[in-house]
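S.K.: This is the structure I have questions about; it appears just below.
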Amino acid sequence: MTGPARPRVAVCGISLEASTFSPALTTAAMLSPRRGREVLDAWDFWRAGGSLADRAEWIGVLQARNIAGGAIPADDYAALKAEILAGLAAAVAEAPLDGVVLDIHGAAGVVGLDDMEGDLALAVRTVVGSDCLLSSGMDLHGNVSHTLAETVDLLTTYRTAPHVDWQETKERAARNLLDRLALPAGQRRPAKAWVPVPILLPGEMTSTRQEPARSLYAEVPRIEALDGILDAGIWIGYPWADEPRNCAVVMVVGDDADLAMRQARDLAGRLWARREEFGFVAPTGSLGDVLAAAVASPVAPYFVSDSGDNPTAGGAGDVTWTLARLLASTELAASGKRAIYASIPDAAGALAAYEAGVGADVHLTVGARVDDRHAPPVELSGRVVAVVPGEDNLEVVVRTEHVDVVVTRRRRPYHLESDFTRLGLDPRSADIVVVKIGYLEPELYDMAADWMLALTPGGVDQDLTRLGHRRVRRPMFPLDDVSGVDPLAYAVLFPGDTTG
């Protein structure tokens with residue numbers, strides 16, 4: 001005697017955070033597509049032996065992912081999308097699909113297209129049919145357009161920034177889908193309350209480490225626990241793209257449609273009421289002010305965020321504006337202190353240092369190959385003290401009189417202590433550590449004796465007014481006077497199967 005058939009669930013998606021204010025592009029190759037079994041092996045919970053592995057017949061199609069960057073060229077997106085749709089069509093030809101996990105970030109950009117996630121979701125729906133449930137676990141810095149909210153049946157998002165719950169969220173999206181598929185047909189789709197809120201703020205002002213985000217996000221599990229509610233979420237949105245969908249969104253999903261809408265409107269109202277309370281997660285200042293504070297600080301290591309070119313937010317990563325000033329700093333030179341700078345991507349410079357070898361004195365021209373709007377390439381002279389080749393990168397350390405500069409073949413973030421120590425650098429004993437980042441990731445945050453966030457230029461400039469948004473819905477806080485705005489004016493209830 002056999003048990004009930006397991007649901008057939010496909011997994012696919014394109015996950016990227018893309019700045020439209022950066023000249024960088026993110027090609028299909030840079031998104032490193034996984035196919036078939038590789039898609040499933042990327043997550044523990046549906047990998048063989050994982051917590052959800054035996055609850056469905058999982059079908060890996062294609063999942064493409066990269067750290068944040070520039071927009072995807074239209075032809076590259078079209079090719080990835082076509083492969084996803086072909087894979088889904090092949091799966092459907094074998095037997096109908098019961099569900100799809102759409103693995104997306106929420107802030108991807110495509111040249112000439114405003115809403116990649118909505119476009120992809122609509123295309124997937126066309127292939128898999130109206131009876132198939134779609135579920136997605138997204139980044140809270142993503143955007144939920146009307147199209148995406150209407151098309152995807154189950155949406156959930158991270159509840160922490162920094163994102164310590166990202167794997168938990170991806171698993172929740174899959175688990176929610178399986179739980180709904182266990183219900184009788186005709187009772188599976190919940191109602192969805194969608195409330196776009198005209199707020200556009202950087203993540204460095206909305207971290208859940210501090211108020212008001214801490215208290216606002218604490219409301220999410222309370223709402224989720226209510227009878228008749230399945231999930232709740234606050235998408236604070238992505239400010240470094242100039243698209244009509246970019247703003248905060250509150251969603252509540254559940255079988256009690258009226259309760260879902262009441263809770264969504266209430267939470268959105270609370271978010272709006274506290275908009276003026278959002279502030280940077282650390283002391284901020286111009287680069288000059290921040291470097292002066294770091295040099296004068298009696299404690300070490302002193303971390304400095306070179307925030308305007310943060311690669312994990314969408315910066316090109318090779319803006320040299322900060323590095324040039326750090327190398328030329330007479331204050332740093334006179335102080336006797338040393339700094340680490342991580343990092344500047346330059347393929348030619350990294351290769352030249354590699355070929356010269358450890359111990360060689362080199363003169364390199366690095367950076368500003370992609371984004372030279374704010375500063376030209378930097379002349380870097382020093383001794384090569386580390387060369388670390390990798391499968392997909394090459395990292396070198398060039399030691400100047402006052403700064404150890406990490407030069408890489410490909411841009412990458414430096415979030416972990418091991419990112420430094422494997423290069424022979426000890427960030428704990430450094431005087432000053434400058435990283436291309438916004439808020440410090442947990443290991444760096446715990447390591448820092450003190451830190452400041454430098455308001456530097458780049459494709460993810462924290463000063464949004466310098467970027468010049470033209471296409472987001474206006475008025476928008478903090479770009480405009482919003483004194484007469486009704487934050488709930490665009491709330492929509494998408495009915496579910498059991499909505500009366």
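The values are calculated or read from the model by the stated rules, or taken from the named source; none is laboratory data. The structure presented is a predicted model; accordingly, all values stated were derived computationally and were not measured. Ideal geometry is used to build each Cβ from the backbone, glycine not excepted, and the neighbour counts take in all protein chains shown. Note: areas computed on protein heavy atoms with side chains; ligands, DNA, RNA excluded. Shrake-Rupley method; radii C 1.70, N 1.55, O 1.52, S 1.80 Å.
S.K.: Is region 338-350 home to any residue that is touching a Lys or Arg at 6+ places or on another chain (Cβ under 7 Å), charged (D, E, K, R) and open to solvent by 40 Å² or more (accessible area, probe 1.4 Å)?
M.R.: Within region 338-350 (the criterion being touching a Lys or Arg at 6+ places or on another chain (Cβ under 7 Å), charged (D, E, K, R) and open to solvent by 40 Å² or more (accessible area, probe 1.4 Å)), the answer is no, since none of the residues qualifies.
S.K.: Please tell me if Val253 is hydrophobic (A, V, I, L, M, F, W, C), part of a loop (DSSP other than H, G, I, E, B), touching an Asp or Glu at 6+ places or on another chain (Cβ under 9 Å) and buried (at least 24 other Cβ atoms within 10 Å of the Cβ).
M.R.: no
S.K.: Further question: What residue, among those in region 403-414 that are open to solvent by less than 40 Å² (accessible area, probe 1.4 Å) and not β-branched (Val, Ile, Thr), is modelled with the lowest pLDDT?
M.R.: Within region 403-414, the subset open to solvent by less than 40 Å² (accessible area, probe 1.4 Å) is 403-408, 413-414.
Still in the running and not β-branched (Val, Ile, Thr): 404, 413-414.
Values: Asp404: 98, Pro413: 94, Tyr414: 97.
Here the residue is Pro413.
S.K.: If you don't mind, there's one more thing I want to ask. Just to be sure I understand, how many residues within region 74-120 are over 25 Å from the mean Cα position of the chain (by Cα) and of a type in the set (D, E, K, R)?
M.R.: Qualifying residue count for the region: 2.
S.K.: Where residues in region 351-371 are part of a loop (DSSP other than H, G, I, E, B) and touching an Asp or Glu at 6+ places or on another chain (Cβ under 9 Å), which of them is surrounded by the fewest Cβ atoms within 10 Å (Cβ to Cβ)?
M.R.: Result: Arg369.
S.K.: Glu168 versus (1) without any contact (Cβ under 8 Å) to a residue 24 or more places away in the chain; (2) in a loop (DSSP other than H, G, I, E, B); (3) within 17 Å of Ala218 (Cα to Cα): which is the lone unmet condition?
M.R.: (2)
S.K.: Name the one entry in Pro301, Pro283, Pro221 that is modelled with pLDDT under 95, over 30 Å from Asp114 (Cα atoms) and not small (Gly, Ala, Ser).
M.R.: Just one listed residue meets the conditions, Pro283.
S.K.: Looking at region 479-492, which of its residues are open to solvent by 60 Å² or more (accessible area, probe 1.4 Å) and touching a residue at least 40 places away in the same chain (Cβ under 8 Å)?
M.R.: Passing the criteria: only Tyr490.
S.K.: Mind checking whether some residue in region 43-52 is assigned to a strand (DSSP E or B) and either basic (Lys, Arg) or open to solvent by 20 Å² or more (accessible area, probe 1.4 Å) (or both)?
M.R.: Within region 43-52 (the criterion being assigned to a strand (DSSP E or B) and either basic (Lys, Arg) or open to solvent by 20 Å² or more (accessible area, probe 1.4 Å) (or both)), the answer is no, since none of the residues qualifies.
S.K.: Is it the case that region 176-194 has a residue that's among the hydrophobic types (A, V, I, L, M, F, W, C), part of a helix (DSSP H, G or I) and within 19 Å of His105 (Cβ to Cβ)?
M.R.: The initial filter retains those residues of region 176-194 that are among the hydrophobic types (A, V, I, L, M, F, W, C), namely 177-178, 181-183, 185, 191, 193-194.
The next check asks that each one be part of a helix (DSSP H, G or I); those that pass are 177-178, 181.
Among the residues that remain, those that are also within 19 Å of His105 (Cβ to Cβ) are: 177.
Taking every residue of region 176-194 in turn, at least one turns out to be among the hydrophobic types (A, V, I, L, M, F, W, C), part of a helix (DSSP H, G or I) and within 19 Å of His105 (Cβ to Cβ).
S.K.: Might you check whether a residue that is touching a helix residue (DSSP H, G or I) at 6+ places or on another chain (Cβ under 7 Å), in a loop (DSSP other than H, G, I, E, B) and of a type in the set (Lys, Arg) occurs anywhere in region 464-473?
M.R.: No - not one qualifying residue is present in region 464-473.
S.K.: Taking the condition open to solvent by 10 Å² or more (accessible area, probe 1.4 Å) and among the hydroxyl-bearing types (Ser, Thr, Tyr), does Thr208 pass?
M.R.: Details: open to solvent by 10 Å² or more (accessible area, probe 1.4 Å): yes; among the hydroxyl-bearing types (Ser, Thr, Tyr): yes.
Taking the combined requirement at face value, the residue satisfies it.
S.K.: Filter region 46-83 down to the residues that are of a type in the set (Phe, Trp, Tyr) and more than 26 Å from Arg412 (Cβ to Cβ), then identify the one that is modelled with the highest pLDDT.
M.R.: Taking region 46-83 and keeping what is of a type in the set (Phe, Trp, Tyr), we get 46, 58, 77.
The next check asks that each one be more than 26 Å from Arg412 (Cβ to Cβ); those that pass are 46, 58.
Details: Trp46: 88, Trp58: 97.
That would be Trp58.
S.K.: I would also like to ask the following. Give me a count of the residues in region 5-30 that are in contact with a Ser or Thr (Cβ under 8 Å, 6 or more places away or on another chain) and in a loop (DSSP other than H, G, I, E, B).
M.R.: Summing the residues that are in contact with a Ser or Thr (Cβ under 8 Å, 6 or more places away or on another chain) and in a loop (DSSP other than H, G, I, E, B) in region 5-30 gives 1.
S.K.: Taking into account only those residues within region 216-240 that are outside any loop (DSSP other than H, G, I, E, B) and without any contact (Cβ under 8 Å) to a residue 24 or more places away in the chain, which is nearest to Tyr445 (Cα to Cα)?
M.R.: The residue in question is Ala218.
Yes or no, residue by residue, for (1) within 29 Å of Ala82 (Cα to Cα); (2) among the aliphatic types (A, V, I, L, M):
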position	(1), (2)
Val111	yes, yes
Leu120	yes, yes
Val124	yes, yes
Glu171	yes, no
Arg188	yes, no
Pro196	no, no
Gln210	no, no
Arg214	no, no
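S.K.: Pairs, please: C-beta under 6 Å, at least 6 apart or cross-chain, first residue in a loop (DSSP other than H, G, I, E, B) and in region 333-346, second of a type outside the set (Val, Ile, Thr)?
M.R.: That search, which allows pairs on different chains as well, returns Lys337/Asp431; Arg338/His402; Arg338/Asp431; Asp346/Gly367.
S.K.: Restricting attention to region 372-393, does a residue exist that is crowded, with 18+ Cβ neighbours inside 10 Å, of a type in the set (D, E, K, R) and within 21 Å of Val460 (Cβ to Cβ)?
M.R.: Checked region 372-393: no residue is crowded, with 18+ Cβ neighbours inside 10 Å, of a type in the set (D, E, K, R) and within 21 Å of Val460 (Cβ to Cβ).
S.K.: Here are Ala293, Ala300, Ala324: which of them is touching a residue at least 40 places away in the same chain (Cβ under 8 Å), assigned to a loop (DSSP other than H, G, I, E, B) and either open to solvent by less than 60 Å² (accessible area, probe 1.4 Å) or closer than 23 Å to Thr365 by Cβ (or both)?
M.R.: Ala300 is the lone residue from the list that is touching a residue at least 40 places away in the same chain (Cβ under 8 Å), assigned to a loop (DSSP other than H, G, I, E, B) and either open to solvent by less than 60 Å² (accessible area, probe 1.4 Å) or closer than 23 Å to Thr365 by Cβ (or both).
S.K.: Collect the residues in region 87-109 that are under 20 Å from Arg34 (Cβ atoms) and free of Cβ contacts under 8 Å to residues at least 40 places away in the same chain, keeping them in residue-number order.
M.R.: Ala89, Ala90, listed by residue number.
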